[in-house]
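Novice: This is the structure I want to talk about, given as structure tokens.
Laboratory data are not the source of any read-out in this text; all were calculated from the coordinates shown. Computed from a predicted model, the values in this text were never measured in an experiment. For neighbour counting, all protein chains shown are included, and Cβ atoms are generated from backbone atoms with ideal geometry for every residue, glycine included.
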Amino acid sequence: MLHSRLLNYIDEVARTGSIRKAADRLNVAASAISRQILALETQLGTPIFQRLPKKLILTAAGEVLIGHVRQTLKELSRTQVKIEELKGLRRGEITVAMMSGLASNLVPSTVKEFRAANPRVKLNLTLFNTGTEIQLAVASGEADLGIGFDFGKDSNLKVLARGVGRLGAVMAPNHPLAKRTGIRLGDCIDYPLVIADTTSAIRPYLDAAFARVAIDLQPAIETNSIEIMRHAVMLNDGISFLTPFDVEFERRAGRLAYVTVRELSHDAQALMLVGHTRGTSAIASVLAEMLKAMIREVAG
């Protein structure tokens, strides 16, 4: 195994594209990083970085190496956590990859609870735009856990929890339709529609539902941001279409209402928590259990 200090040098240079920036972040001399990387390239018999005028980028050999580097760093971190736990100290670092809508809704309350019990554990909450990016982050070892919607199958990943949330209409509590027990899509078209754009996982469900009832979907606002959808309908008489997972915090706070829609009654998204098949650190498993409980609670 490569020396851990060199592993950190390689990883930071790959992330920043610069030996100087890596040296600043690691608080070491740039010459020390350069010297060790050159020595490794000599040992391997091939360059791992291509030196461009303003940036260093990984060569093909470097791309192969960086996977080993990051995997080894993760394993080292897990080993350190286990050692700390044996000493009776709950320390370590956990990286969770997630979609942005979850970061401002469901996850914060679980993080608060976890931090209260484990104040010495550092949490890295990293946002991604797509489920594929989240899966890649966990499969590569960049993240310990991933949480998002409708993940595809991946032989490197294990589904730790799964909860189904049905799409429904979301609106302000004082909206004319908010007190109904159920509505139809036709009831919604007289109000401004705030709709997930075509890059979002929700959109295909909506396009299909509107097509089935021969209603032309004409959004007032299209966005790939669930935060924007939530806030836009809070501030006017608009309607959006989301799952209970997307609006749990706002519903409890009385800022949004969720109403079932007949034509969407069979359309659901699966909120999934995934980890690597090889397992994860003991402290990350503690957080995973808390996230599982949160998913079960909201899914009912």
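Novice: Within the stretch 127-184, report the trypsin sites (Lys or Arg not before Pro) that DSSP leaves as loop and that have at most 16 other Cβ atoms within 10 Å.
Specialist: Those satisfying the criteria are Lys153, Lys179, Arg180, Arg184.
Novice: If packing is taken as the average count of other Cβ atoms within 10 Å, what order do 25-31, 94-100, 69-75 fall into, highest mean first?
Specialist: 94-100, 69-75, 25-31
Novice: Under 17 Å from a point 7 Å along the Cα-to-Cβ line of Ala208: which residues of the stretch 253-287 have their amide N that close?
Specialist: Backbone N within reach: 261-271.
Novice: Moving to a separate point now. Percent of Cα-Cα pairs per 10 Å bin, from 0 to the last occupied bin, for the stretch 168-266, please list those.
Specialist: Histogramming the stretch 168-266 at 10 Å steps yields 17, 56, 26, 1 percent.
Novice: Per residue and in Å³, how big is the convex hull formed by the alpha-carbon atoms of the stretch 103-252?
Specialist: 134 Å³
Novice: Under the classification rounded if a/c is under 1.5, otherwise prolate if a/b is larger than b/c and oblate if not, where does the chain fall, given a ≥ b ≥ c as square roots of the Cα gyration tensor eigenvalues?
Specialist: prolate
Novice: What spacing in nm lies between the two simple spin-label points modelled at Arg296 and Thr126, each 7 Å away from Cα in the Cβ direction?
Specialist: Inter-label distance under the simple model: 2.9 nm.
Novice: Greater than 23 Å separation of Cα atoms is the criterion. Which listed pairs, Lys112/Lys179; Lys122/Lys153; Lys112/Lys158; Lys21/Lys54; Lys55/Lys122, meet it?
Specialist: Lys112/Lys179; Lys122/Lys153; Lys112/Lys158; Lys55/Lys122
Novice: Order the peptides 238-245, 214-221 from the highest to the lowest mean number of other Cβ atoms within 10 Å of their residues.
Specialist: The densest-packed peptide leads the list: 238-245, 214-221.
Novice: Next question. What's the FRET efficiency of Ala220 with Glu133 using the Cβ-Cβ distance as r and R₀ = 35 Å, to the nearest 0.05?
Specialist: FRET efficiency, Ala220 to Glu133: 0.75.
Novice: Would you mind counting up the charge near Thr280? Only other residues with Cβ under 10 Å from its Cβ, with Lys and Arg at +1 and Asp and Glu at -1.
Specialist: Local net charge: +3.
Novice: Taking one equal scatterer on every alpha-carbon of the stretch 223-295, how large is log10 of I(q)/I(0) by Debye at q = 0.13, 0.17, 0.23 1/Å?
Specialist: -0.56, -0.81, -1.09
Novice: Using only the alpha-carbon atoms of the stretch 1-89, report the extent along each of the three principal axes, biggest first, to the nearest angstrom.
Specialist: Answer, in whole Å and largest first: 49, 25, 19 Å.
Novice: Another question, then. For the residue pair Thr277 and Val64, what label-to-label distance in nm results when each label sits 7 Å from Cα along the Cα-to-beta-carbon direction?
Specialist: For Thr277 paired with Val64, the spin-label model returns 2.3 nm.
Novice: Take the Cα atoms of the stretch 130-217, find their three principal axes, and give me the spread along each one in whole Å, biggest first.
Specialist: Extents along the principal axes: 48, 27, 17 Å.
Novice: Length gain on complete extension for the stretch Gln50 to Phe249, per 0.36 nm per residue less the alpha carbon to alpha carbon distance?
Specialist: Computed gain between Gln50 and Phe249 is 66.9 nm.
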